[in-house]
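Values quoted throughout were computed directly from the atomic coordinates according to the rules given, and no laboratory measurement underlies them. The structure presented is a predicted model; accordingly, all values stated were derived computationally and were not measured. All Cβ positions, glycine included, derive from the backbone under ideal geometry; neighbour counts span all protein chains shown.
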Amino acid sequence: LRPNYAQSYRDLANIYTETDKTKRALNLYGEYLLKSNQKVKVDGSEGIDFLMNMESLNIVSLKKKSKTSKKDELEKVIGNSAIRIIMEWNNSEAEFDIPFINRENEFFVWQHTYENNTKLIQDEKSRGYSSVQFMIDKYASQDWKFNLKYYGNKSYDPTYLKATIYHNYGRPSQRKDIKVFRLLNENQNVRLFSINPELKLSLN
């Protein structure tokens, strides 16, 4: 339906990966990333390029049993992180904050609002994607609680948020949990899930 959107490339590549058609998945990732090199985009780990590059490296790493340059590259990107969290939403106009906090009240807030993250939202809309990833350090000493404050999407339709939590990402024991949330009311507070460094997940 949207052949030029980055999200379309990624979604189809993920389908190929799930159905063990990894060569097709890698071709799609490569095709999009090659085209993307010619576009102006956001820097750092928030944009779609970083996310898709990590996923393509992960495919190669899991397929190769021996040590390779791709495995080394993925390990450098992942570092000490054992948990990868992908958030995806269906409405590009959706505005929200995702605060996460531990038991010692150390916290971080990822903001997806025009007021606080205009450049990222403009990049999402111009290139066609609606996703972000977070990495959790395996040496973290406390549970982390992920919440969401929803501000609306300029329409009366609900926003759907999908959270995919990968455990032992990039390792042979990699597995995932999925949770979907329906967001409708403005200024709605939602408890998403809690996660701890022992790779236990609590969805509530």
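General remarks:
- Separation in nanometres of the label points that stand 7 Å from Cα toward Cβ, at residue 2 and residue 151: 2.0
- When the alpha carbon gyration tensor of the stretch 151-191 is reduced to an equivalent ellipsoid, the three semi-axes, largest first, read 31, 9, 7 Å.
- Environment charge at residue 151 (Cβ cut-off 13 Å; Lys +1, Arg +1, Asp -1, Glu -1): -3
- Computed across the stretch 89-155, the Kirkwood radius stands at 13.3 Å (inverse of mean 1/r, all Cα pairs).
- Residue pairs, from the table 21/149; 63/125; 149/179; 21/179, whose Cα atoms sit over 28 Å apart: 21/149; 63/125
- Cα centroid separation, the stretch 1-37 to the stretch 149-173 (Å): 19
- Label point distance in nm, residue 34-residue 15, each placed 7 Å from Cα along Cα→Cβ: 2.2
- Computed E for residue 107/residue 162 - FRET, C-beta separation, R0 30 angstrom, nearest 0.05: 0.85
- Note on residue 119 and residue 62: the model spin-label points, each 7 Å out from Cα along the C-beta direction, lie 3.3 nm apart.
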